[in-house]
Amino acid sequence: MRKALRWLLALAVLIGTLSTAGAATAAQPEATSTTRTTSSADIKDQLLAIPGMSLIQEKPYTGYRYFVLNYTQPIDHRHPSKGTFQQRITVLHKDVARPTVFFTSGYFVNTNPSRSEPTRIVDGNQVSLEYRFFTPSRPDPANWSKLDIWQAASDQHRVFTALKKIYTKKWLSTGGSKGGMTATYYERFYHRDMDGVIAYVAPNDVVNNEDSAYDRFFASVGTKECRDRLNAVQREALVRREPLEKKYAEVAATEGYTFDTIGSLDRAYEAVVLDYVWGFWQYSLLADCESIPADAKNAADDDIWTSIDTISGFSAYTDQGLEPYTPYYYQAGTQLGAPNIKFPHIEKKYIRYGYQPPRNFVPRDIPMKFQSWAMRDVDNWIQRRAQHMLFVYGQNDPWGAERFRLGKGAKDSYVFAAPGLNHGANVAGLVPEQKALATARILEWAGVATTAVQSNPSVARPLATYDARLDKRNIEREPTLRP
């Protein structure tokens, strides 16, 4: 699982990851007749009355109150007396009479007001949580053995338990990519907390060493013409390794990049190049193939460099690019798993390292041991016990090649794929029938479906008006080959 740090955590803004909504100037939808207004002073006092809750900042936004907060969490939920740390959360408050959506990106928390798709659908409040060990929500010193999916789910459970006393209506959990994984793991361990789960583009790597689904995906995604263009540029970047690595060294010297964690500039260069095709399909659409050099063999070195850098990002495997995402790579190498794909269009003589494992992206002084049972446990539980869960994927998103699937024991749960879409797939991108059904189920799970929607899902619509700033999809992208 790789990344291009030049793109920051964002395309998952379909579910509110890093919306760029800022100061409160955009018009907001008027409160409906069923909404009871709660004063900002009242809700602020209620939030700060929670033991362990403290205010970092309050930001105004028309129609809402927005708070950035710290919450005291145990480093180890099994042994709460053995130390605490401060975990950032945000609260987009609309009204205690509305349902609440619990959002996680699985990474950092955005500290500007933003609204996930389910929050807009149910016209509710939104609580967002920063994943443990992402700075500044990291214990000091950091005991990395306490970074696992159960500890993170227990963080969410504790936040929910504290806030449920204020927000007493229905709760939904959501997230995109690693955030979708996080929402799913939370449901597995604390399935009585949420009334529904909407997980977007969530990978499900059940057997870490079996990744043939990804190879099949890349053999058929898009069109042959587009695949051929991408494959040719990727191969050419390895054929021209010497001159392009010289350019890379010059850029590294100028920018102050170092390569201690991955081991060498050469390793970093190959990792970035091997991310290229995956990165394109993760964040681009078929129409974007026109931007890929059509004749790679005769393209200038600068054209090959620019295409690779634009999609993969040559800062990705520098120490500076890896360090912020150490918690992710640690989890990929201990529980989540990581893909390993083949490159049949590239001769073996050009590939020195192949897809490198997460261990190569984490400092060696942090011990790692893979737990092969962790994802199997989650997958078995979802197939047998899933209830009120919706999984949304993009047809052309590589991460969807290994996805969650439902078994006979699942109830009122769904897996849908948005045609032609990538890692930014959402409910709005589904075919009309699935879009209506998904919207209706979300409204029902949140307790706000009208009689008309209950009897006829095709009339289901989001309850809140689209806000260009609050719901804006950021064009910046999260690092490539990291879910």
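The values are calculated or read from the model by the stated rules, or taken from the named source; none is laboratory data. What you see is a predicted model, and the numbers here were worked out from it, not measured in a lab. With ideal geometry, Cβ positions are generated from the backbone for all residues, glycine too; neighbour counts draw on all protein chains shown. The accessibility values were calculated without ligands, DNA or RNA, using every heavy atom of the protein model including side chains. Shrake-Rupley method; radii C 1.70, N 1.55, O 1.52, S 1.80 Å.
Tabulated data
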| quantity | calculated |
| --- | --- |
| Any pair with Cβ under 7 angstrom, 6 or more apart, that starts in the stretch 29-56 at a residue that is closer than 12 Å to D95 by Cα and ends at one that is at pLDDT 50 or above and among the aliphatic types (A, V, I, L, M) | T35/A97; R36/A97; T38/V96 |
| Leading residue by the ranking (most open to solvent (accessible area, probe 1.4 Å)) among those in the stretch 78-108 that are out of contact with any Pro (no Cβ under 9 Å at 6 or more places or on another chain) and without any contact (Cβ under 8 Å) to a residue 24 or more places away in the chain | R78 |
| Among residues of the stretch 130-150, those that are open to solvent by 10 Å² or more (accessible area, probe 1.4 Å) and either small (G, A, S) or under 18 Å from I89 (Cβ atoms) (or both), counted | 6 |
| Filtered residue count, the stretch 378-405, keeping only those that are surrounded by fewer than 16 Cβ atoms within 10 Å (Cβ to Cβ) and of a type in the set (D, E, K, R) | 2 |
| Filter result (at negative phi, out of contact with any His (no Cβ under 6 Å at 6 or more places or on another chain), open to solvent by 10 Å² or more (accessible area, probe 1.4 Å) and not charged (D, E, K, R)) within the stretch 220-234 | S220, T223, A232 |
| Residue count for the stretch 299-351, restricted to those that are within 16 Å of R240 (Cα to Cα) and hydroxyl-bearing (S, T, Y) | 3 |
| Candidate set: the stretch 406-430, residues that are touching a residue at least 40 places away in the same chain (Cβ under 8 Å) and part of a loop (DSSP other than H, G, I, E, B); chosen: the one most open to solvent (accessible area, probe 1.4 Å) | L421 |
| Unique match (being part of a helix (DSSP H, G or I), among the polar types (S, T, N, Q), touching a residue at least 12 places away in the same chain (Cβ under 8 Å) and more than 30 Å from A417 (Cβ to Cβ)) among Q282, Q335, Q320, Q383 | Q320 |
| Matching residues in the stretch 338-374 - criterion: being touching a Lys or Arg at 6+ places or on another chain (Cβ under 9 Å), assigned to a helix (DSSP H, G or I) and open to solvent by 10 Å² or more (accessible area, probe 1.4 Å) | Y350, N360 |
| Filter pass, T254 being touching a Ser or Thr at 6+ places or on another chain (Cβ under 7 Å) and polar (S, T, N, Q) | no |
| Which numbered condition A237 fails, given (1) open to solvent by less than 40 Å² (accessible area, probe 1.4 Å); (2) more than 30 Å from V378 (Cβ to Cβ); (3) outside any helix (DSSP H, G or I) | (3) |
| Meets criteria (modelled with pLDDT of 95 or more, within 30 Å of A153 (Cβ to Cβ) and not in a helix (DSSP H, G or I)) for T261 | yes |
| Residue that is least open to solvent (accessible area, probe 1.4 Å) [pool: residues in the stretch 293-303 that are touching a residue at least 60 places away in the same chain (Cβ under 8 Å) and more than 16 Å from R227 (Cα to Cα)] | A299 |
| Flag if V233 is among the aliphatic types (A, V, I, L, M), closer than 20 Å to G394 by Cα and either at pLDDT 95 or above or in contact with a Phe, Trp or Tyr (Cβ under 7 Å, 6 or more places away or on another chain) (or both) | no |
